[in-house]
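Have a look at the structure below before the remarks.
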Amino acid sequence: MVIALAVTAGVFAQSGAQSGVASYTVQEVTGRVERDAGNGRWEAVKTGETLKADTVIRTVIRASLTVKSGDTTLTVGPMKNGKLSEIASGGTAIQMQGKVSQTDTGAASRTSGRLSTASARASDAADEIEIAE
């Protein structure tokens with residue numbers, strides 16, 4: 001019985017490896033990252049969890065997911081939704097983090113002047129026209 005069970009487990013493991021479905025181990029989760037649990041439910045992805053390549057995930061603003069498959073480490077950035085294998089990148093994309101620029105609006109002054117608009121010009125032009133009563 002034990003031998004039959006061991007052989008069966010080996011066959012299933014080998015067929016899974018041959019089917020080409022990669023699995024990823026979650027290394028790091030930053031922010032809210034969720035996976036589709038089916039029936040319209042979403043569950044939080046946790047560090048150490050194993051995800052299949054066809055797992056549908058979504059990340060929100062300022063969220064990221066780092067997964068590892070063999071020697072390859074992949075990162076999913078913020079605002080992504082789709083299959084893990086399709087949206088994960090090898091980290092070659094440019095990512096901007098932190099403050100890009102900072103503006104001191106207190107130092108700016110505001111002045112206003114008289115602006116001519118189309119309706120004002122039309123009113124001025126109408127003053128010159130004599131209208132018979």
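Read the figures in this text as sums done on the coordinates, not as results from a lab. In this text, all values refer to a predicted model and were calculated from it rather than measured experimentally. So basically every Cβ, Gly included, is an ideal-geometry build from the backbone, and we count neighbours across all protein chains shown.
If packing is taken as the mean number of other Cβ atoms within 10 Å per residue, what is the order of 33-44, 76-87, 58-69, highest first? Write down the numbers at each step before the final one.
Values: 33-44: 12.9, 76-87: 15.8, 58-69: 17.8.
Peptide ranking by packing, descending: 58-69, 76-87, 33-44.
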Note: T30 to E49 extended length (0.36 nm per residue) minus current alpha-carbon separation gives 5.4 nm
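Pull out a ≥ b ≥ c, the square roots of the eigenvalues of the alpha-carbon gyration tensor of the stretch 20-87, then state rounded if a/c is under 1.5, prolate if not and a/b is larger than b/c, and oblate in the remaining case. Mind showing how you got there, number by number?
Values: a/c = 1.57, a/b = 1.18, b/c = 1.34.
Judged from the Cα gyration tensor, the stretch 20-87 comes out oblate (a/c at least 1.5, b/c at or above a/b).
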